[in-house]
Amino acid sequence: MRDRLFEEARRFVEQAQLIASENSDPHDQAKALDIAKNAVSSAFANSTFAQQRQLQEFQHTLDRLS
């Protein structure tokens with residue numbers, strides 16, 4: 001399960017980046033960011049140390065998009 005949560009977090013972060021880069025509707029951008037942040041948070045507790053480091057990078061990416 002932890003790999004599934006990690007992969008979902010990665011996918012949602014990538015999706016948020018794509019939506020932000022396309023200058024989409026601000027509401028869509030905010031929604032994508034919220035979904036990605038929740039996915040990163042959910043994945044963190046059940047991940048390996050290496051995955052946690054990557055999830056921290058995902059969070060930094062999302063912080064820059066905010």
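For the stretch 14-59, enumerate the residues that are out of contact with any helix residue (DSSP H, G or I) (no Cβ under 7 Å at 6 or more places or on another chain), under 17 Å from Asp3 (Cα atoms) and hydrophobic (A, V, I, L, M, F, W, C).
Ala45, Phe49, Ala50
Condition first: touching a residue at least 24 places away in the same chain (Cβ under 8 Å) and under 10 Å from the mean Cα position of the chain (by Cα). Can you find one or more residues in the stretch 21-32 that meet it? Full working, then the answer.
Of all residues in the stretch 21-32, those touching a residue at least 24 places away in the same chain (Cβ under 8 Å) come to 29.
Still in the running and under 10 Å from the mean Cα position of the chain (by Cα): none.
No: zero hits.
Just for the stretch 1-57: of the residues that are outside any helix (DSSP H, G or I) and of a type in the set (A, V, I, L, M), which one is surrounded by the most Cβ atoms within 10 Å (Cβ to Cβ)? Before you say what the answer is, go through the steps one by one.
The first filter runs over the stretch 1-57 and keeps only residues outside any helix (DSSP H, G or I), leaving 1, 22-25, 45-48.
Within this subset, residues satisfying the condition of being of a type in the set (A, V, I, L, M) are 1, 45.
Numbers: Met1: 7, Ala45: 9.
Result: Ala45.
If you check Leu65 against the conditions, is it surrounded by 13 or more Cβ atoms within 10 Å (Cβ to Cβ), touching a Leu at 6+ places or on another chain (Cβ under 8 Å) and in contact (Cβ under 8 Å) with a residue 12 or more places away in the chain?
Numbers: surrounded by 13 or more Cβ atoms within 10 Å (Cβ to Cβ): yes; touching a Leu at 6+ places or on another chain (Cβ under 8 Å): yes; in contact (Cβ under 8 Å) with a residue 12 or more places away in the chain: yes.
In short, yes.
Here, each number is a calculation from the coordinates, and none is a lab measurement. Note that the coordinates shown come from a computational prediction; the quantities given were computed from them, not determined experimentally. Positions of Cβ are backbone-derived with ideal geometry, glycine not excepted, and every protein chain shown enters the neighbour counts.
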